[in-house]
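Contents: one structure, followed by commentary.
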Amino acid sequence: MRISTRERRARLGVRHRLAVKAGTPEEVAAAVVALHGTDPATVFLSAGARLMAPGPEPVERALYAEHTLVRMTGMRRTVFVVPAELVPVVHHSTMPAIARRERASMLKALAPGGWDEAWFKDVEASVLRILAESGDQTAAGLGVLEPRLREQVRVAVGKPYEGVVSVGSRLLPLMAMDGLLVRRARVSGTWVSGTHYWALAQEPAQWTADEARAELVARWLAAFGPGTEADLKWWTGWTLKDVRGALAGTGAVAVELDGGGTGYVLPDDLPRDQEAGEPWAALLPALDPTPMGWQERDWYLPGEHRAELFDRSGNVGPTVWWDGRVVGGWAQRRDGEIVWRLLENVGADAKAAIETEAALLASWVGEVRVTPRFRTPLERALSAP
């Protein structure tokens, strides 16, 4: 069985809510499994590109008032925003192993300061007690209430990246990886602010690692399938053995992809040569989950565009899409203007649709200025005065 590139692009538009808009941020997050949250602005811009009524208010409500979306560390030690019901799946599929490695690394790095595991466990218990008694706190606030978090240590001595860090800067994120803490409402500023309160996490429902990995892969296949083993290994950060075990756990079916190679889909998601609907345009932000969803990208992102649209670490910048493929990039200038550049000829209809999307984006972003955390060549060029 074969799934054509045309069908893959049609699936992408519909399933990622780019061709058919969503009503709520919760629907958006579920459609792409998880929104990238390393850069706080990405969450709002990714949701806005997919909502019928875009704007920061519904996303802030879901994140900070109703907690139907949760910011957490997940696959590849990346910060994601996921639907609340998916938190235990993401946690048990991935985080225990990462947390163990991170704890060993932290203890090794901070051992020269005389701190051992028993000391860290005592500080952790103190942090949990403080949050239970006083409510959500910033990292700075926790440092006042638990001064040991402010203690400094020099790490990577003798290496080019040698530096001084606080105990809290390593311990609080580790406690989040262990499922003990979550990042809640932003402290101040606009929705692009990266300073948040720390809060106690709800104890996640229990899943075995195998069950959680199979469930997460099933969600990924429903949103991103067909995908290859390499795609899944890259997206999850798991070993190839774990990826294959999870695929087997879903009953995934192998299909042939245009250009060669084997992809996988869920058993009830077989090729149907889906007809594309009306063509669609989108301006997606840096680190958006759609372009970051696959490792093998030739079917939607021509190789000649990548040097302009990615940084040296493989982070995608803001992209312009036309009907299931990347055709350019965009940026916001200091005066707020949304500017974009095409990297190929797409015709007058596409240009008009892209211009409409750019105007819509500018209308709801308003006075806020967005600078991606990871800058790419085209974004830098477009945003320059």
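The values are calculated or read from the model by the stated rules, or taken from the named source; none is laboratory data. Note that the structure is a prediction, hence the values are computed from the model and not measured. All Cβ positions, glycine included, derive from the backbone under ideal geometry; neighbour counts span all protein chains shown. All accessible areas refer to the heavy atoms of the entire protein, side chains included, with ligands and DNA or RNA removed. Shrake-Rupley method; radii C 1.70, N 1.55, O 1.52, S 1.80 Å.
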Between residue 295 and residues 5 or more places away or on another chain, the pairs with built amide H atoms under 5 Å apart involve 231
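Could you put 300, 161 in order of accessible surface area, largest first, with the 1.4 Å probe and the full protein assembly present?
161, 300
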Computed over region 216-264, protein heavy atoms only, probe 1.4 angstrom, the accessible area per residue in square angstrom equals 37 Å²
Probe 1.4 Å, all chains present, heavy atoms only: residue 85 accessible area in Å², nearest 10, is 120 Å²
Region 242-271 and region 145-220 have their Cα centres apart by a whole-number Å value of 33 Å
To the nearest Å², the heavy-atom accessible area per residue of region 306-385 with 1.4 Å probe amounts to 50 Å²
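Can you give the accessible area per residue of region 34-140, in Å², using a 1.4 Å probe?
It amounts to 38 Å² per residue over region 34-140.
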Among 285, 315, 295, the residue whose Cα sits farthest towards the positive end of the charge dipole of region 238-340, when +1 is placed on the Cβ of each Lys and Arg and -1 on the Cβ of each Asp and Glu, is 315
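For every helix of n ≥ 4 consecutive DSSP H residues, a contribution of -39,500 (n - 2.57) applies; sum these over the chain, divide by its total residues, and give [θ] at 222 nm rounded to the nearest 500 deg cm²/dmol.
-12500 deg cm²/dmol
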Heavy-atom accessible area of the chain with neighbours in place, 1.4 angstrom probe: carbon+sulfur share in percent works out to 51 percent
